[in-house]
Structures are given as structure tokens and as C-alpha cells.
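Asker: Starting off with a structure, shown below.
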Amino acid sequence: QTAGREVYLYNVITGTTTRVTNSGPGRESYEPSRVSDSTFSAGRPDSFFFTSTGNFTGQNADGNPEIFVYEIVAGQFHQLTNTVAPVVNKTPFTSDSAKCIVFASTGDIDNNDGSDDSNVGPGYSNPDGSQEVFLYTVADNANFPSGYFTQISSGPAGTSSWAPVIGGYWFPRQCQTS
């Protein structure tokens, strides 16, 4: 049997490489983001995000591609998205503070109710299942997975939106600190 893709972490100080994921037979993990920078994280643990069909938290028995976060020191996984096929979630990218990530999804997963004054959201929905860009924001004074999703693109049916370009990725002011 051919092994699927897995995520590894390289420690530049020690020069060691550690396998982070073991996705299981017929499953894989891929597209890891960069590691968050603890100087900006306001107490959130150093972490990175990735896409996987694995079932690390017991919430992904169907093996759908989901977005996960891995806390490096604690060795703990959290599943951020929880969707069913044919929804595909992919290409996560984290802000320095790890307060926000952007990623692409074909889901209709916006759950931003507008109560956060710093991120009321544009109010988009994705009933046609086109690929759109979403922003996941960690709730104030919280850690993973306490947060909400905001759809930040809304292309016509049948089109694909990717990570928006403002310095490569879109991060509003509330993602920069605490």
C-alpha cells in the first residue's frame, strides 16, 4: 500500500524533523501553514494549520478534507471545520498571532453573527458550493477551537476564489495582536 502525505515539523535549533500526523490508511495530511509567532500570540500556543482527511479528534470519521490546528508544545490537535462531502476545505494560512487564518472552502460555513464589532463580516453565504475564501477568527481571550467563520469572498456560481492578495493574504486589524 502506498503511504499518503503526512505533515512533518522541522526544528531549526536542534536540526531534527518530527512527524506530526499519522492520518491512517487511505487518509492523508497536507498543506501545512507556517508556524505562528509567539511574540504576537498574546498567550496562544505556537501552532500551525493544515488540511487533512485524518480523524485526529474523533470528529472526522467520514474522512472529508478539514482544517486542523496543531499546538506544538502540547502536541494537541483541534479540528476547525466540520463538513461533509462534497465540501472541500484547503490551503490554510495563519496570521502571525494565530488569531486568524484564511482558507478556501466549497462549504456554506459562515457563522459570524455580526456581534463582534471589530469583524461584523460582509454577510455572504455560499449555497452554490463554489470555492470561496473564509476567515476563521479565534474569539477574544480564547484559544482553539473557540471562534467563528466569516466568508470574505463571494464569486459567481461555478467560479473559484483563492486567497485574496494584500501582501499575499488578507488579515484585518483584529488578527494582528491578541
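The values are calculated or read from the model by the stated rules, or taken from the named source; none is laboratory data. Note that the structure is predicted; figures quoted are calculated from it, not measured. A quick note on method: Cβ atoms are made from the backbone with ideal geometry, for glycine too, and the neighbour counts reach across all protein chains shown. Note: areas computed on protein heavy atoms with side chains; ligands, DNA, RNA excluded. Shrake-Rupley method; radii C 1.70, N 1.55, O 1.52, S 1.80 Å.
Asker: Would you check if there is a residue in the stretch 67-74 being without any contact (Cβ under 8 Å) to a residue 40 or more places away in the chain, of a type outside the set (Lys, Arg) and open to solvent by 50 Å² or more (accessible area, probe 1.4 Å)?
Answerer: The answer is yes, given that some residue of the stretch 67-74 is without any contact (Cβ under 8 Å) to a residue 40 or more places away in the chain, of a type outside the set (Lys, Arg) and open to solvent by 50 Å² or more (accessible area, probe 1.4 Å).
Asker: Still on this structure: Assess whether residue 34 counts as being open to solvent by 60 Å² or more (accessible area, probe 1.4 Å), modelled with pLDDT under 95, of a type in the set (D, E, K, R) and closer than 20 Å to residue 101 by Cα.
Answerer: Judged against the criteria, residue 34 is a match.
Asker: Then there's this: Hey, can you tell me all the residues within the stretch 49-61 that are open to solvent by 30 Å² or more (accessible area, probe 1.4 Å) and either hydrophobic (A, V, I, L, M, F, W, C) or within 13 Å of residue 31 (Cβ to Cβ) (or both)?
Answerer: Within the stretch 49-61, 56, 61 meet the criteria.
Asker: Would you point out the residue of the stretch 85-101, among those that are touching a residue at least 60 places away in the same chain (Cβ under 8 Å) and in a loop (DSSP other than H, G, I, E, B), that is farthest from residue 145 (Cα to Cα)?
Answerer: The extreme case among them is 96.
Asker: Take the conditions at pLDDT 95 or above and either within 13 Å of residue 21 (Cα to Cα) or in a strand (DSSP E or B) (or both) and apply them to residue 54. Does it pass?
Answerer: The answer is yes for residue 54.
Asker: Another question about this same structure. Consider residue 72 against the criteria (1) under 28 Å from residue 131 (Cβ atoms); (2) aliphatic (A, V, I, L, M); (3) modelled with pLDDT under 95; (4) under 16 Å from the mean Cα position of the chain (by Cα): it satisfies all of them except one. Which criterion is unmet?
Answerer: Exception for residue 72: condition (1).
Asker: Which condition breaks for residue 8 when tested against (1) at pLDDT below 95; (2) farther than 24 Å from residue 129 by Cα; (3) surrounded by fewer than 18 Cβ atoms within 10 Å (Cβ to Cβ)?
Answerer: The number of the failed condition is (1).
Asker: Can you run down the residue pairs with Cβ atoms below 6 Å, 6 or more apart or on separate chains, where the first is in the stretch 145-162 and without any contact (Cβ under 8 Å) to a residue 12 or more places away in the chain and open to solvent by 40 Å² or more (accessible area, probe 1.4 Å) and the partner is part of a loop (DSSP other than H, G, I, E, B) and not polar (S, T, N, Q)?
Answerer: 146/139
Asker: Now for a separate question. Please find, among 82, 64, the residue that is surrounded by fewer than 18 Cβ atoms within 10 Å (Cβ to Cβ), within 15 Å of the chain's Cα centre (by Cα) and assigned to a loop (DSSP other than H, G, I, E, B).
Answerer: Every option except 82 fails the conditions.
Asker: Looking at the stretch 85-103, which of its residues are surrounded by 19 or more Cβ atoms within 10 Å (Cβ to Cβ) and more than 16 Å from residue 29 (Cα to Cα)?
Answerer: 94, 95, 97, 98, 99, 100, 101, 102
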